[in-house]
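**Student:** Could you have a look at this structure, given as structure tokens, before my questions?
The values are calculated or read from the model by the stated rules, or taken from the named source; none is laboratory data. All figures in this text were calculated on a predicted structure; none of them were measured in a lab. Here the Cβ positions follow ideal geometry from the backbone for every residue, glycine too, while neighbour counts run over all protein chains shown.
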């Protein structure tokens, strides 16, 4: 459902971008968390010490993403994805705003912030489960190379899953617990590929004038 919403937003943004002569693109992204090596940093206090969660590195997350440039220096993006690692599953949707910092020969660096919603699920060897509904806060820094119809992006991000609700589900019973701690911060690396129209607006207008003559 989240992926479908992103594709719908990306398609609508792409159509509007074509009419308004702004740059736009849609495509896939892949990311991984490299800190902390075991996610999350800590679990809610209410879980006690009887839960046998054993997390190891090796997570991967995939997403559908759409970009819409407000001008050559500012852009909005929407992302919906899912992923996880051993004992961890996640899904989320977020919207970001990025500002270009520098540019040279089609390569641009950017800095941005974003926010969204999602849900994490953790499962241990005894089939005990913890579900965390969260508000996502995110910041990113990276670089993007653009030609006329494609763009390639690599960036670092830091994110925090602000817990909205903890659903603790032992194998033999169920209890809902809210706001009882846990640390859900992460730092990771993300790579994206986009397909669309990345010709700056001024160049498009110049071409249009030449064709009309």
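**Student:** Check 91, 121, 99 and return the single one that is more than 18 Å from residue 191 (Cβ to Cβ), touching a helix residue (DSSP H, G or I) at 6+ places or on another chain (Cβ under 8 Å) and at pLDDT 90 or above.
**Tutor:** Result of the check over 91, 121, 99: 91.
**Student:** Now for a separate question. Conditions first: (1) modelled with pLDDT under 90; (2) exposed (fewer than 15 other Cβ atoms within 10 Å of the Cβ). Residue 166 passes all but one, so which condition is the exception?
**Tutor:** (2)
**Student:** Further question: Restricting attention to segment 87-105, report how many residues are part of a loop (DSSP other than H, G, I, E, B) and over 30 Å from residue 73 (Cα atoms).
**Tutor:** Qualifying residue count for the region: 1.
**Student:** Still on this structure, I have one more. Here's a check for you: in segment 40-56, which residue that is surrounded by 12 or more Cβ atoms within 10 Å (Cβ to Cβ) and modelled with pLDDT under 75 is nearest to residue 124 (Cα to Cα)?
**Tutor:** Looking at residues that are surrounded by 12 or more Cβ atoms within 10 Å (Cβ to Cβ) and modelled with pLDDT under 75, I get 53.
**Student:** Out of curiosity, is residue 130 surrounded by fewer than 19 Cβ atoms within 10 Å (Cβ to Cβ), in contact with a strand residue (DSSP E or B) (Cβ under 6 Å, 6 or more places away or on another chain) and either in contact (Cβ under 8 Å) with a residue 60 or more places away in the chain or closer than 30 Å to residue 199 by Cβ (or both)?
**Tutor:** It is false that residue 130 is surrounded by fewer than 19 Cβ atoms within 10 Å (Cβ to Cβ), in contact with a strand residue (DSSP E or B) (Cβ under 6 Å, 6 or more places away or on another chain) and either in contact (Cβ under 8 Å) with a residue 60 or more places away in the chain or closer than 30 Å to residue 199 by Cβ (or both).
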